[in-house]
Each structure stands twice: as C-alpha cells, then as structure tokens.
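> If you scroll down you'll find the structure; I have some questions about it.
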Amino acid sequence: MKNKKNTHLSTSRSNRKKKSKLVFWLLLPLMLLILAAAVYSAKLYATAQKAVDSSYHTLQRENDIKVNPLDETTSILLMGIDDTESRNLGSARTDSLIYMTIDPNKHVVNMVSIPRDTYTDIIYQEQTYEKDKINAAYSKGEEQATIESVENLLDVPIHYYMTFNFDAFLEIIDALDGIEVDVPITFSEQNAEGTLDKIHLEKGLQTLNGEEALALARTRKIDNDVKRGERQQLLIQAITDKALKVGSITKYSDAITSVGKNMRTDIRFNDMLGIAQTGLDGKYKFENYVFDWTDFTSNGASMVELYPDSLDFISHRLRVSLGLDSVDNRDELDYTFQTNGLSNYSGSN
C-alpha cells in the first residue's frame, strides 16, 4: 500500500461516515468554559453540577495519579463512541481519541489526535494482549483498557477521561447557535441519519450548525483519517471561541444539559470547575500535534503505523508539558521536526 506522510509535524495555533462510523468528543473545552461561567449564576451552577454528577463513572486503576488542576498540568483522554441512546454508553469501539494536557500556569493546551486504526499493544488490567487497532481496546475493557493502551503507546499518564457519544456533538453546537469555521473545500456528505449527499458546504468562512460541522469532521472525500484528526482539533477551538461569546444563561444551560446526558467521566465537579477557573486568568493557547504515519496490511486489515521517531517526538513534547522530561534541542523555537520515514511494519504483512 502507498505510504502516507505529513509534510511535517503541525503545531498550528490558528482558530480554523456515517453516524455509525464517527462520534465526537469535542466538548471538553466547552464544558470547562461553561463551568467557569457557572460561577456567576446560581441556577447555571446547579445545572452544571447536576449534569457532571450524573455523568460520573469511576474506574479501578492501579496507578491512580492525583493532581491539583488549579496549579498542576492535568492530562485528559477524550473518547468518542458510537452510541445514541442517552446514558447507554455501550459501543464496542472508540471511533475517536484525543489526548490533551492543560497547563494552568502557562495557559497552554497540548493536543494530539490518535488515529483509530493505529497498530499498537492492547493492554487491560496491566496485561498485554495481541497487537490490534487502538480503537479495539474499548471492546476489551471500555475506558480502562483504552486508557492503559494509550498510556503505553504515548508513554504518558492519563489523569482523567471523558467519553462522549454521538448525540452530544449535534446538540451542543445547535445549543450555541452554530460555530464559525473556515471550510477548506466545497463538498457534499451524508447527514447524521446516513442519507446520501444531504449536507452541502461551500469553501470559505461560515457558521455551521451541528449537522454541518459533523459533515465537515467526518468526510473522507477531502483528505484522510489523520487529517480528520486535525480538523477535529480545530473544531474544538471553534467551539471554545463560540462558548466565550455566547453570553446567554439559557444557551449555556441547554449546552450543559446536552453534554451531561451524553457523557461519562471520572472528573469530579469541583475538579472540573477548578480546571475551568484557571482559564479566567487569560485565554489558553492551543498546541496541536499530528503524527507522521504510514499504512500497512495485517491479516487482510488496513492498519496505521505511527512512525517511531514521530511518536517519540510527540511523546517527548507531551512529557515536557507534564514535567516528566527535560527540555532539549527539540523544544527550541526554531526546531522543526521531520520524520526519517523508517517503518517497522510497512512493506510486510
């Protein structure tokens, strides 16, 4: 199969298929900002607390790491699953994964999307199973297996997780009256119900509703799965920007309710509020990372291999943000990463 490389690692700071195949998890920044706003309204505060409390789901993790989100960098794994029954989060696989770190002191959010077909060890309860696509971890042990597998892949700790189902994405954007997005190309795509070519978008800056934003994020016609990860990260920023501008208690309340009934998390309300409050001191800057990768076939199935040097570089950057690695020449402002393209699996079965 033909190798696919990104021209270089992206650290862009700009604010720029079917229903059964893609779910969105783009709601963490929005949730944090909503909770920050909740400080100013007793009604909104109570709504937010109820939504988060009803979504709380703890895990039995051996290496549970405690952090203070008010003054320590906090890591969160965002998981998207295909499940449209409210509060019935029972999908067999994750369709989307984003790992992020939030630094309350430097006001920096680091994010990386993990392609769902990434070939890696599947780990559950500290036991390593055979290699498979990363999205298969959820079928082995839901959030706990996914967390352990991602921690092993990226060599980073995960302090918290948030799992969202499909409904959350559509409802949250519609509750905010849409988000402003620079659509990169004119295209048509299926709507959420799987009807062919019901969503048509023209190239250019415009306001998208939930269905339209979903179509932009899920389409395969304009690039590939890894590029979709980039677009999904940009949509996170678009949602965040709109949440800052809404200024309506009713809209915030509707958004919180939509999130709460479509989410599962092990973040307590007070911790989530603490993370949100760190944003009151100043706007966060986003650092978006994208893996260099190639594809190969294993037992007749298409897999994604993250180039080892790209995986090592991004892992280093994430570990630096968490205070686990020392800064070196790879962290200098003028440093540009370029993969050597060496693969462990491409070209062989």
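> For the stretch 120-136, how many residues meet the condition of being part of a strand (DSSP E or B) and crowded, with 20+ Cβ neighbours inside 10 Å?
5
> To continue, here is another question. Given the structure, is residue 92 at pLDDT below 90 and over 30 Å from residue 302 (Cα atoms)?
no
> If you don't mind, there's one more thing I want to ask. I want to confirm something. Restricting to the stretch 91-119 and keeping residues that are part of a strand (DSSP E or B) and small (Gly, Ala, Ser), which single residue is nearest to residue 67 (Cα to Cα)?
113
> What's the total number of residues in the stretch 102-113 that are crowded, with 23+ Cβ neighbours inside 10 Å and either at pLDDT 95 or above or on the phi > 0 side of the Ramachandran plot (or both)?
0
> Checking the conditions here, which among 228, 220 is buried (at least 20 other Cβ atoms within 10 Å of the Cβ), at pLDDT below 85 and either among the charged types (D, E, K, R) or assigned to a helix (DSSP H, G or I) (or both)?
It is 228.
> Also: Given (1) farther than 30 Å from residue 71 by Cβ; (2) among the β-branched types (Val, Ile, Thr); (3) surrounded by 19 or more Cβ atoms within 10 Å (Cβ to Cβ), where does residue 290 come up short, assuming only one miss?
For residue 290, the failing item is (1).
The values are calculated or read from the model by the stated rules, or taken from the named source; none is laboratory data. Being a predicted model, the structure only gives us computed values, none of them experimental. Note: ideal-geometry Cβ built from the backbone for every residue, glycine included; neighbour counts use all protein chains shown.
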